[in-house]
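Undergrad: Quick one: structure below, then a few questions.
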Amino acid sequence: MDLFSNRVMVALKKELDAGALRQRVIANNIANVNTPAFKKSTVVFESLLKKALERKPVEMVTTDPRHFSGKPLLAGLTPEVNLIRTTSMRTDGNNVDIDEEMANLAANSMQYQAAVKELADRYSGLSYVISGGRR
Amino acid sequence: MGGFFSAFAISASGLTAERMRLDLISNNIANMNTTGRPNDPANPPYRRRIPVFAQILEQAEDTGTSRPLFRGAGVRVTRVLEDNNPPRLVYDPTHPHADEKGYVAYPNINIVNEMVNMITATRAYEANVTALNAAKEMALKALEIGRG
């Protein structure tokens, strides 16, 4: 029984990492809203997480500690940062859409806080059980 | 993982750059009437100053195995350019900077341009403040993990 590294908790931790990274990427897009020829970046994570969660964990035999264990892909999941080169918002080539960035900023912040709440609730649930129901 | 402190630093770099831009715009507006003598290099009129923004890219760390996911680290002002457009000539023979034909060189500053740029810079500054506050809220929320 994995107390701290079960699928849900690992997924939530990955979600927090991705949220922190996305915050950096959005902050960078916003900071460069007036930089000529700047191209924005976006973070892809949720679709990768979905794929990782759908994947059936296949247990593979390992004969060497350096082998991949075939454990769920989830543990090694990292978000991807994509540079959007194809669009332009202005004649100087900058493609930051400030409204989109502000909306993404708000959404990312809420998503992050939701994941924090969920993770904190799981830890306090464990803590409740460990103390035998006495607070 | 850069974490939240690099997010703060990125937003802070945006604030610094936009404030620099606002300072230059204020300076341009303040010097709207800083005159000079036409075609006299010893007495030039004020020249409009414009910041040049460029993205900061983090140097890739030499870890060998893993490359950083994201190298953007904000924005900085690389140079301050002077506007080379010719000055505006105004006929005012009594002015101390008047040349022999009676013309005075005024800086080629269009107040409407400056005001519009000022609004853009202010809005961009506010957007960076919002991003910084969002990062702060997220970081504070993350501190609540494991608190009872």
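Conditions (1) without any contact (Cβ under 8 Å) to a residue 40 or more places away in the chain; (2) on the phi > 0 side of the Ramachandran plot; (3) of a type in the set (Lys, Arg), marked per residue:
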| site | (1), (2), (3) |
| --- | --- |
| B:Thr78 | yes, no, no |
| B:Leu81 | yes, no, no |
| B:His95 | no, no, no |
| B:Val116 | yes, no, no |
| B:Arg123 | yes, no, yes |
| B:Asn128 | no, no, no |
| B:Gly146 | yes, yes, no |
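Undergrad: May I ask you to verify whether B:Ile109 is crowded, with 17+ Cβ neighbours inside 10 Å, closer than 30 Å to A:Gln111 by Cα and within 20 Å of the chain's Cα centre (by Cα)?
TA: So B:Ile109 does not fit the description; no.
Undergrad: Here is a further query. Touching a strand residue (DSSP E or B) at 6+ places or on another chain (Cβ under 9 Å) and either surrounded by fewer than 21 Cβ atoms within 10 Å (Cβ to Cβ) or modelled with pLDDT of 90 or more (or both), is that true of A:Val129?
TA: No; evaluated as a whole, the condition is false for this residue.
Undergrad: Would you pick out the residues in the range B:1-38 that are of a type in the set (Phe, Trp, Tyr) and either touching a residue at least 24 places away in the same chain (Cβ under 8 Å) or on the phi > 0 side of the Ramachandran plot (or both)?
TA: Result: B:Phe4, B:Phe8.
Undergrad: OK, next. Quick test of your reading of the structure: B:Met1 fulfils all but one of (1) facing another protein chain (nearest Cβ under 9 Å); (2) modelled with pLDDT of 90 or more. Name the failing condition by number.
TA: (2)
Undergrad: Identify, please: which residue in the range B:97-148 is at the interface with another protein chain (Cβ under 9 Å from one of its Cβ atoms) and of a type in the set (Asp, Glu) and is, among those, farthest from A:Val129 (Cα to Cα)?
TA: B:Glu137
Undergrad: While we're here: Those residues that are facing chain B (nearest Cβ under 10 Å) and among the small types (Gly, Ala, Ser), I need them from the range A:79-106; list them, please.
TA: Selection gives A:Ala106 alone.
Undergrad: Only one of B:Leu24, B:Leu57 is exposed (fewer than 13 other Cβ atoms within 10 Å of the Cβ) and in contact with a strand residue (DSSP E or B) (Cβ under 7 Å, 6 or more places away or on another chain). Can you tell me which?
TA: B:Leu57 is the lone residue from the list that is exposed (fewer than 13 other Cβ atoms within 10 Å of the Cβ) and in contact with a strand residue (DSSP E or B) (Cβ under 7 Å, 6 or more places away or on another chain).
Undergrad: Here's something else I'd like to know. Out of the residues in the range A:91-126 that are part of a helix (DSSP H, G or I) and of a type in the set (S, T, N, Q), state the one that is surrounded by the fewest Cβ atoms within 10 Å (Cβ to Cβ).
TA: Among them, the one singled out is A:Ser124.
Undergrad: Using the structure shown, decide if B:Ala73 is touching an Asp or Glu at 6+ places or on another chain (Cβ under 6 Å) and closer than 17 Å to B:Ser6 by Cα.
TA: So B:Ala73 fits the description; yes.
Undergrad: Can you find a residue that is farther than 26 Å from A:Thr35 by Cα, out of contact with any Phe, Trp or Tyr (no Cβ under 8 Å at 6 or more places or on another chain) and not charged (D, E, K, R) anywhere in the range B:67-79?
TA: No, there is no match, as no residue in the range B:67-79 is farther than 26 Å from A:Thr35 by Cα, out of contact with any Phe, Trp or Tyr (no Cβ under 8 Å at 6 or more places or on another chain) and not charged (D, E, K, R).
Undergrad: Let me ask something else. So B:Phe70 clears everything in (1) within 14 Å of another protein chain (Cβ to nearest Cβ); (2) out of contact with any helix residue (DSSP H, G or I) (no Cβ under 8 Å at 6 or more places or on another chain) except one condition, right? Which one?
TA: (2)
The values are calculated or read from the model by the stated rules, or taken from the named source; none is laboratory data. Bear in mind the structure is a predicted one, so any value in this text is a computation, not a measurement. Because the Cβ atoms are built from the backbone with ideal geometry, glycine has one as well, and the counts that use them run over all protein chains shown.
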